[in-house]
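Working notes, beginning with the structure itself.
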Amino acid sequence: MAVTVDWLNREKMTRQWRWGVPLIAAIILLDQLTKAWVLGSSALNAMDCLPTTSLCGQIELSGVFDLSMTWNRGVSFGVLQAEGLARWGLFAMIGAIAVGFSVWLFRAERWLTALALAMVVGGAVGNLVDRARFGAVVDFLDFSGPWFGLMIGGWKVGFPWIFNVADASISIGAIVLLLDQVLAGRKRPS
């Protein structure tokens, strides 16, 4: 008995992928170009501190935004840190999610769904490239300056994470996907 693969059936594919796939490629390209610049910057000292998880180097730009090189062995914003064999498990998990979202993109009927999926997939693949090459992801965008830190009851509450273009794409894509699903739910008749 022959098994047929139905998930990329031409009749079920929508037109959204025609601009979604180039958007994925553009996000990966932008992410990798910015990371190549960071890796080549002597001030950020990226390659010399690859074995560590501490801050490698910093270029102070303003009180709000700096370039601060750090290696992230987890997923977005340092969650689920993994090394050794766990690194490849994390790689496989993120890769499987990217494939699943890509299939969803090929079948997406709403443009907002396709936009969100393309952003998440582009960001995921951008970070997977780093994970495969280095075992860690290049993070360098640092908005942890005092403007983003609020004092509430004596505690500084703010944005302490250092991230990259791929992380930003994943985060914005996830928010857009959530918004899309909420809006789609409101349009359905009761």
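The values are calculated or read from the model by the stated rules, or taken from the named source; none is laboratory data. Quantities reported herein were computed from a predicted structural model and do not represent experimental measurements. No Cβ is skipped: glycine too gets one built from the backbone with ideal geometry, and neighbour counts run over all protein chains shown.
Check whether at least one residue in segment 5-13 is under 26 Å from Ala116 (Cβ atoms), at pLDDT 70 or above and surrounded by 14 or more Cβ atoms within 10 Å (Cβ to Cβ), and report yes or no.
Narrowing segment 5-13 to residues under 26 Å from Ala116 (Cβ atoms): 5-13.
Checking the rest, the ones that are also at pLDDT 70 or above come to 13.
Next, from what is left, pick out any that are surrounded by 14 or more Cβ atoms within 10 Å (Cβ to Cβ): 13.
Within segment 5-13, one or more residues are under 26 Å from Ala116 (Cβ atoms), at pLDDT 70 or above and surrounded by 14 or more Cβ atoms within 10 Å (Cβ to Cβ).
Would you point out the residue of segment 43-54, among those that are in a helix (DSSP H, G or I) and at pLDDT 90 or above, that is farthest from Gly123 (Cα to Cα)? Step through it out loud before you land on a result.
Pass one, segment 43-54, residues in a helix (DSSP H, G or I): 47-49.
In the following step, the residues that additionally are at pLDDT 90 or above were identified as 47-48.
Values: Met47: 22, Asp48: 25 Å.
Within segment 43-54, the match that is farthest from Gly123 (Cα to Cα) is Asp48.
Residues that are modelled with pLDDT of 85 or more, within 12 Å of the chain's Cα centre (by Cα) and farther than 27 Å from Thr14 by Cβ: find the strands (runs of 3 or more DSSP E) completely inside segment 80-190 holding 3 or more of those. Before the answer, list the steps.
Working: elements: 137-142, 150-152, 155-157.
Hits in segment 80-190: 137-142.
Of the residues Gly40, Gly57, which is among the small types (Gly, Ala, Ser), touching a Ser or Thr at 6+ places or on another chain (Cβ under 9 Å) and modelled with pLDDT of 85 or more?
Values: Gly40 fails: touching a Ser or Thr at 6+ places or on another chain (Cβ under 9 Å).
Going through Gly40, Gly57 in turn, just one is among the small types (Gly, Ala, Ser), touching a Ser or Thr at 6+ places or on another chain (Cβ under 9 Å) and modelled with pLDDT of 85 or more: Gly57.
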